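I have placed the structure first, in the form of structure tokens, so that the comments after it can refer back to it.
The values are calculated or read from the model by the stated rules, or taken from the named source; none is laboratory data. Nothing here was measured: the structure is a model prediction, and the numbers come from that model. Note that each Cβ is placed from the backbone with ideal geometry, even for glycine, and that neighbours are counted across all protein chains shown. These accessible areas exclude ligands, DNA and RNA; they are computed on the full protein's heavy atoms, side chains included. Shrake-Rupley method; radii C 1.70, N 1.55, O 1.52, S 1.80 Å.
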Amino acid sequence: MVDRPNLLLITTDQHRGDCLGIAGHPVVETPNLDFMLARGAYFPRAYTEVPSTVGARRTLISGQKPFTHGMIGYKDGVPWEIEHTLPGELAKAGYQTEFVGNMHLYPPRKLFGFHHAVHHEGARGSPDYVDDYKEWLAGTQWGREGVQERDHGVPSNSWIARPFHLPEHCHVTNWTVSMAIHFLKRRDPTMPFFMWISFIKPHAPLDPPLVYFNQYLDAEIPKPFIGDWAGMHAVKVKAVNPNMWRGVLPWRLIRRARAAYYGLITHIDHQLGRLFEWMMRRRLLHRTFVLMASDHGEMLGDHYLYRKSYAYEGSARIPFIIRFARSMDLEPGQTIDKVVGLMDVMPTLLDAAEVKIPETVEGSSVLPLLRGEDVKWRPYLHGEHSACYSPENAMHYLTDGKEKYIWFPPSGREQLFDLQSDPHELHDLAADPKARKRLEMWRNRLVEELAPRGDGFSDGKNLIPQRLRGS
């Protein structure tokens, strides 16, 4: 029997950090994810370094900051060559590596160090791209009748919501877990495994199975948080874009969108319960180190904003939960009040496997924190995003999980939030004379953070406004 723990990385796409039961959400039910804490640890101050998919996933499997790996925003179709990846290092160390789900890296179907991969990229991909989920669905009774995944007509970046149009077992979330179990049944039993299960949900289309949609339709759905500074985004139009990134929507539409979004999250949670039970019955779960995170969040109408790429909590804060393997001498039930990011995933998993962390990695393993060691942890996390929906939205941000500073290079505008007294970012303190010293402290931190990069945003003394280039 192999002594090293198996490794299971679980990611969701566009999953807000507050949408967990253990995060105190008033409605969302995530019992299986919550129960990970009983055997592990929860990091409530987790953020993504780049709040959109491609850059976030590069950060996750390289352990590098966005500026280092070259994707500081959202751009499809950019090939990526990198020497050291999480699956590549584990494969070299004797792990059998498997990917299941939505990778969203380029070129499509590149393995990036995995031995094998099963893919679903939704509406993405070139005409030559082979999507394993779509091929599977085409072979079902409904697929043979010509029914396809997107026949419900809901766009993939929309607030429009409706139940999934096919039986629940045909939903991509069920398929993803089925493919994970398929691998576990056929893995090499003489090797430890590393599997990354990457759910494409709760990213739109907002199309949960009917039972999960109905679960939240009658719930007391919380209304969006609207900051006293957010009037700039309160755009009112006669014809509302189904893919809008900002603006005023009627409450009934936001309510349906939130009900569907929450339903997608609970659906994922229940399917993870199915996976965990399958592993437990085969005495695999207790020998597996599990880490769950998301690439970024979803605004869901907060501050009249939708989708992602923003520094605000709905977009930038993410889930980050760990379940220990039984062989690890760690105290379960810990809540760690340190700011962590996606660049910490690779070093944490390598550390758990006792595999050397490459020098190219800029993140840090969280295991010393879990062991109670007196380690010097980062005082803040830096995040950024190039222009996406509008040139004015390009931003840099810093946070320690207690305060957050945001700088918009196109305009030079600053924002400052006290997340302890104002966790929903309702009051911008940047113009408050009482907060001037705090604002200056955070600004100087960003000056120092950006100066070595040489990309023109800092001269070592001041921040320099400019249009932030696309990735």
Extreme residue, most open to solvent (accessible area, probe 1.4 Å), among residues of segment 430-466 that are without any contact (Cβ under 8 Å) to a residue 24 or more places away in the chain and touching a Ser or Thr at 6+ places or on another chain (Cβ under 6 Å) | ALA451
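Which residues, counting only those in segment 404-415, are touching an Asp or Glu at 6+ places or on another chain (Cβ under 8 Å) and surrounded by fewer than 21 Cβ atoms within 10 Å (Cβ to Cβ)?
Here is the first cut: in segment 404-415, the residues touching an Asp or Glu at 6+ places or on another chain (Cβ under 8 Å) are 404-408, 410-411, 415.
Those that are touching an Asp or Glu at 6+ places or on another chain (Cβ under 8 Å) and surrounded by fewer than 21 Cβ atoms within 10 Å (Cβ to Cβ): PHE408, PRO410, SER411.
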How many residues are in contact with a helix residue (DSSP H, G or I) (Cβ under 8 Å, 6 or more places away or on another chain), of a type in the set (Gly, Ala, Ser) and either open to solvent by 10 Å² or more (accessible area, probe 1.4 Å) or not in a loop (DSSP other than H, G, I, E, B) (or both) if we restrict to segment 295-352?
-> 5
Please state which of the following conditions MET179 fails to meet, knowing it meets all the rest: (1) open to solvent by less than 50 Å² (accessible area, probe 1.4 Å); (2) within 30 Å of LEU350 (Cα to Cα); (3) modelled with pLDDT under 95.
-> (3)
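Let's see how each residue does on (1) modelled with pLDDT of 95 or more; (2) part of a helix (DSSP H, G or I); (3) over 26 Å from ARG187 (Cα atoms):
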position: MET71; (1), (2), (3): no, no, yes
position: GLU81; (1), (2), (3): no, no, yes
position: GLY94; (1), (2), (3): yes, no, no
position: MET103; (1), (2), (3): no, no, no
position: PHE114; (1), (2), (3): yes, no, no
position: ALA123; (1), (2), (3): no, no, yes
position: ASP128; (1), (2), (3): no, no, yes
position: TRP142; (1), (2), (3): no, yes, yes
Could you tell me whether segment 187-205 includes any residue that is crowded, with 17+ Cβ neighbours inside 10 Å, assigned to a helix (DSSP H, G or I) and in contact (Cβ under 8 Å) with a residue 24 or more places away in the chain?
-> no
Residue pairs qualifying under the 6 Å Cβ cut-off, at least six apart or on distinct chains, with the first in segment 256-283 being under 9 Å from PRO208 (Cβ atoms) and open to solvent by 10 Å² or more (accessible area, probe 1.4 Å) and the second being assigned to a helix (DSSP H, G or I) and not small (Gly, Ala, Ser), are none
Give the residue, chosen from ILE197, ILE221, ILE226, that is at pLDDT 95 or above, among the β-branched types (Val, Ile, Thr) and touching a Lys or Arg at 6+ places or on another chain (Cβ under 6 Å).
-> ILE221
Within segment 156-176, how many residues are of a type in the set (S, T, N, Q) and open to solvent by 40 Å² or more (accessible area, probe 1.4 Å)?
-> 1
Every residue from segment 254-305 that is among the β-branched types (Val, Ile, Thr) and more than 23 Å from VAL172 (Cβ to Cβ) | ILE254, THR288
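Quick check on ALA430: is it in a helix (DSSP H, G or I) and touching a strand residue (DSSP E or B) at 6+ places or on another chain (Cβ under 7 Å)?
Working: in a helix (DSSP H, G or I): no; touching a strand residue (DSSP E or B) at 6+ places or on another chain (Cβ under 7 Å): yes.
Taking the combined requirement at face value, the residue does not satisfy it.
Can we say GLU359 is at positive phi, assigned to a loop (DSSP other than H, G, I, E, B) and surrounded by fewer than 20 Cβ atoms within 10 Å (Cβ to Cβ)?
Numbers: at positive phi: no; assigned to a loop (DSSP other than H, G, I, E, B): yes; surrounded by fewer than 20 Cβ atoms within 10 Å (Cβ to Cβ): yes.
No, not satisfied.
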Among LEU7, LEU60, LEU33, which is the only one that is aliphatic (A, V, I, L, M), within 17 Å of the chain's Cα centre (by Cα) and farther than 23 Å from ALA219 by Cα?
-> LEU60
